[in-house]
Amino acid sequence: MIRTFDKEEFYKICDRLFEIDSDLHSIFLKYGYPPFWSRKPNFETLIHIILEQQVSLASAKAALDKLKKRIGNVTAKKIVLLSDAQLRECYFSRQKTLYARELANAVLSKRIVLSHLADLPDQSIRTRLTSVKGIGNWTVDVFLLMSLHRTDVFPIGDLALLQSLKKVKRLPAKTPSEKIIKLGEKWEPYRSIATMLFWHSYLEERKKV
């Protein structure tokens with residue numbers, strides 16, 4: 001069964017989570033509801049998420065903005081026409097240049113049809129997207145959560161989520177991932193919304209630094 005959430009349901013689900021987890025409620029009491037983060041389920045968004053791999057959100061946004069200034073709307077056809085040097089000028093590393101080309105070729109060859117993904121279950125989407133070099137589980141998790149608004153995504157490879165969760169839950173820094181996964185069972189089938197609450201806390205805490 002495909003479960004999604006919209007903006008109105010988002011706040012209701014937050015309220016439901018507050019009833020079952022006082023730590024999540026404490027985030028709300030400190031910072032209010034999280035933003036309803038949303039991105040279009042398109043090629044540009046996947047490029048943006050690839051750019052976000054292992055760098056700051058600001059660095060990735062700067063690279064995307066530079067790319068859009070050069071080519072306008074970011075499409076697979078436009079990406080394959082750029083040289084490696086032109087992509088480097090847009091702050092793409094050698095590795096991310098390769099990943100962007102791999103994704104563009106998968107889309108152009110119709111191996112990946114992005115418009116069809118919304119009709120597929122989470123695991124089928126994961127299988128298709130991770131077949132493209134440079135797209136791993138974290139990239140798929142962010143796409144499922146932010147673009148397709150699937151309700152039960154738990155991106156345990158996300159450093160911001162882990163850092164925030166351990167702080168809010170007062171867990172040791174070296175808490176094993178198995179324990180984190182077990183903890184997340186409490187929020188099923190709304191782990192995406194719990195994740196957004198932890199992200200919200202992480203970003204608000206960073207404003208204090």
Problem - Separation in nanometres of the label points that stand 7 Å from Cα toward Cβ, at His116 and Ser93 - result: 3.2 nm
Handout entry: Exposed-loop-free span, longest in the chain, where trypsin sites (Lys or Arg not before Pro) count as exposed if DSSP calls them loop and at most 15 other C-beta atoms lie within 10 Å
Key = 4-109
Completion exercise
Unit-weight point scatterers at every alpha-carbon of region 103-191, Debye formula, q = 0.15, 0.18 1/Å: log10 I(q)/I(0) is -0.64, -0.84
Handout entry: Nearest-ten-degree value, helix 7-20 long axis tilted from longest Cα axis of the chain
Key = 40 degrees
Completion exercise
Per the rule of 0.36 nm per residue minus the C-alpha distance, extending Ser56 to Ala173 adds in nm 40.0 nm
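Translational diffusion coefficient of region 43-148 at 10 °C, 1.306 mPa s, Stokes-Einstein with Kirkwood Rh over Cα pairs, in µm²/s as a whole number.
Details: Rh = 13.8 Å.
The calculation lands on 115 µm²/s.
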Exercise for the section: Quick one: pull the percent of accessible area on region 1-116 belonging to carbon and sulfur, 1.4 Å probe, ligands and nucleic acids left out. Expected result: 52 percent
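Tell me, in nm to one decimal, what length is gained between Ser22 and Lys7 on full extension, where the rule is 0.36 nm per residue of separation less the Cα-Cα distance? If you can, show how the numbers build up before the last one.
Values: separation 15, 0.36 × 15 = 5.40 nm, distance 2.25 nm.
Additional length available on full extension: 3.2 nm.
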Exercise for the section: Pairs of Cα atoms under 8 Å, at least six residues apart: use those to get the relative contact order of the chain, whole percent. Expected result: 27 percent
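Taking only protein heavy atoms into account and a 1.4 Å probe, give the accessible area per residue of the chain in Å². If you can, show how the numbers build up before the last one.
Working: 11300 Å² over 209 residues.
I get 54 Å² per residue for this part.
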Practice task
With no solvent and one equal point scatterer placed on each C-alpha of region 123-165, evaluate the Debye formula and give log10 I(q)/I(0) for q = 0.22, 0.26, 0.30, 0.31 Å⁻¹, two decimals.
Solution key: -0.72, -0.94, -1.10, -1.13
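Which of rounded, prolate, oblate describes the chain, given a ≥ b ≥ c as roots of the alpha-carbon gyration tensor eigenvalues and a/c under 1.5 marking rounded, otherwise prolate only if a/b is larger than b/c? Don't skip to the end; give the middle numbers.
Values: a/c = 2.04, a/b = 1.64, b/c = 1.25.
Note, shape of the chain comes out prolate.
The values are calculated or read from the model by the stated rules, or taken from the named source; none is laboratory data. What you see is a predicted model, and the numbers here were worked out from it, not measured in a lab. No Cβ is skipped: glycine too gets one built from the backbone with ideal geometry, and neighbour counts run over all protein chains shown. Note: accessible area is taken over every heavy atom of the protein model, side chains too, but ligands, DNA and RNA are not part of it. Shrake-Rupley method; radii C 1.70, N 1.55, O 1.52, S 1.80 Å.
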